[in-house]
Amino acid sequence: MKNLLYINGKWTGEDLAKVSVTNPATGDVVSEVPKGGKKEALLAVEAAHDAFEPWAETTAYDRAKLLRKYFDLIVHHEQELGELMTKEMGKPLAEAKGEVHYAANYIEWYAEQAKRIYGETIPTHDNDKRLQVWKKPIGVVAAITPWNFPAAMLTRKMGPALAAGCTIVIKPSGETPLTALKLVDLAEQAGFPKGVINIVTGSSSEIGEVFLTDERVRKVTFTGSTEVGKLLMKQGADTVKKLSLELGGHAPIIVFDDADIDKAVDGVIASKFRNAGQTCVCGNRVYVQSGIYDDFIEKFAHKVKDLEVGNGMDAGVDIGPLINNAAIDKVDSHVQNAVKLGATVVAGGSQPVEKGNYYLPTVIKDAKADMLIMQEETFGPVAPVQKFETMEEAITLANDTPYGLAAYVFTESVSKGTKVIEKLDFGIVGWNDGAPSAVQAPFGGLKESGLGREGGHQGIEDFLETQYVSIGI
Ligand code: NAP
């Protein structure tokens, strides 16, 4: 594998300064990648622009065949990709391999969806005219991806973009470029024509500025923090850049008295502690109804204490390291603030003694709305639990946030679940389900959690233009 930039079908950038990629479990340097900037971003955009027309003219069947070959190659390299991911960002190997599988599925699903991009015929008001809607690929797409799901957040964009007939320029996170570079290496092996897929590592501000201001880039698809998403919106205003934004979350989990407690405990653990809590859809605040509050806390804390913390490459590890020191500081500040304002730690609550960016899986009881942890995305393995009395109170607490990505509800009552979910301002809801994401379903948030949807048949729309054609006959 070549840890270089890939522009116009060539691995390049040997002469550029290098940026180190470190293993958050050990602090060791895993590899180095070139520090690309404005010049390299412009070259990549030019290559994607030149490649667009011939690529858009291929048939959906040809694009589907290539995507299917790409899917097979990703699946074949699951172990290698998984190990690379664990080394550069820390998640346990089993989770990393699970993500590779999930990532590959986006490519397979959109290989199939390429053949289902339908236009429309509209009934005419005039017999001398025929009215049609044509669908066209939007053009050059620039994709910016985060470190927490280095494979899936990329293929969720590559799959629909390539299926639609768009060419793509990728900027992966500086923390995790290696998984993305390997995925591009496999795309080259699959045989995508030169210029159709390009990747530039390096300065996010320089590369981002080119993506958002160059007129040849017709769409920017971004997954990352709300803060950077807002910056990109401002930068893209002058070229009226089409944007898809998958941003931060602050997911509430509501557990009602009539929930199956064991199912709810397992669901909250699946939602909260996957990827050490560094997941945009992970539950960040748990609201439990008073009738089962004490029981729930006891069972929940007991199971959380059993979660194994350690290097993701070691067998049996449930919680790997956090991405860096800043993440540890943020998590600890949320815990300290909650304790200061009256909450009690019932599991974890500190770093373990081993070296590395680890934080013990933590449960805090008697959390309150004024605590930082109930207001901000924590992005770490801490579950604050707050007691509530009524359904109305739970809905108000859950919606009291600028975010609207995911929410979770645990109740065995169909009527209560339906009533509550209808009132929740969130793009994704897991009902008795701590892991609702699926490639065939729309993923995305309301409010400051983003714009547009990825996944499912909705996910390809953002890469298509709608052209209305009125034909005089
Ligand atoms: P981030 O700091 O916003 O970074 C995301 C990407 O943006 C990285 O590639 C980063 O590059 C790049 N970037 C940073 N500053 C930029 C700039 N000025 N111009 C252009 N690009 C820039 O987010 P993160 O820490 O990687 O990811 C965590 C966040 O992503 C969380 O808030 C999480 O909730 C959110 N997320 C959302 C979803 C979703 O689907 N809604 C999924 C996963 C994660 P560098 O790293 O190289 O600076």
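The values are calculated or read from the model by the stated rules, or taken from the named source; none is laboratory data. None of the values given here were measured: they were computed from a predicted structure. So basically every Cβ, Gly included, is an ideal-geometry build from the backbone, and we count neighbours across all protein chains shown. Accessible surface is based on the protein model in full, side chains and every heavy atom, while ligands, DNA and RNA are left aside. Shrake-Rupley method; radii C 1.70, N 1.55, O 1.52, S 1.80 Å.
Run the reach check for Lys10 against lysines, Cα to Cα strictly under 20 Å, same-chain hits fewer than 8 apart removed. What comes back? Filter leaves Lys2, Lys18, Lys35, Lys38, Lys39, Lys171, Lys182, Lys194. Ranked by the mean number of other Cβ atoms within 10 Å per residue, highest first, peptides 343-354, 30-41 order as 30-41, 343-354.
On a 24 Å Cα-Cα criterion, which of the cross-link pairs Lys219/Lys272; Lys272/Lys365; Lys242/Lys272 come out too long? As for pairs spanning more than 24 Å Cα to Cα, those are Lys219/Lys272; Lys242/Lys272.
Expressed to the nearest 5 percent, the antiparallel share of DSSP beta bridges inside the chain is 40 percent.
Rounded to the nearest 500, the 222 nm mean residue ellipticity of the chain from helices alone is -12000 deg cm²/dmol, with -39,500 (n - 2.57) taken per DSSP H run of at least 4 residues. Rounded to the nearest 20 debye, the dipole size of region 1-98 about its Cα centre is 80 debye, using +1 on the Cβ of Lys and Arg and -1 on the Cβ of Asp and Glu. Straight-distance candidates among the lysines for linking to Lys330, with alpha-carbon spacing under 16 Å and chain neighbours fewer than 8 residues away dropped: Lys340. Taking every protein chain into account, the accessible area of the chain amounts to 40 square angstrom per residue (probe 1.4 Å). Computed from Cα atoms, the angle from the helix 204-213 axis to the main principal axis of the chain rounds to 50 degrees. In terms of packing, defined here as the mean over residues of other Cβ atoms within 10 angstrom, the peptides 157-163, 139-145 line up highest first as 157-163, 139-145. For the chain, the share of accessible area belonging to carbon and sulfur comes to 50 percent (1.4 Å probe, ligands and nucleic acids excluded). Compared with the dominant Cα axis of the chain, that is its longest principal axis, helix 414-423 is turned about 60°.
Peptide packing: for 227-233, 98-104, 122-128, the average count of neighbouring Cβ atoms within 10 Å per residue gives the ranking 98-104, 227-233, 122-128, highest mean first.
Taking Cβ atoms as reference points and 14 Å as the exclusive limit, the residues near Gly98 contribute a net charge of -2, counting Lys and Arg as +1 and Asp and Glu as -1.
How far is helix 293-305 tilted off the main Cα axis of the chain, in degrees rounded to 10, range 0 to 90? For helix 293-305, the angle is close to 70 degrees.
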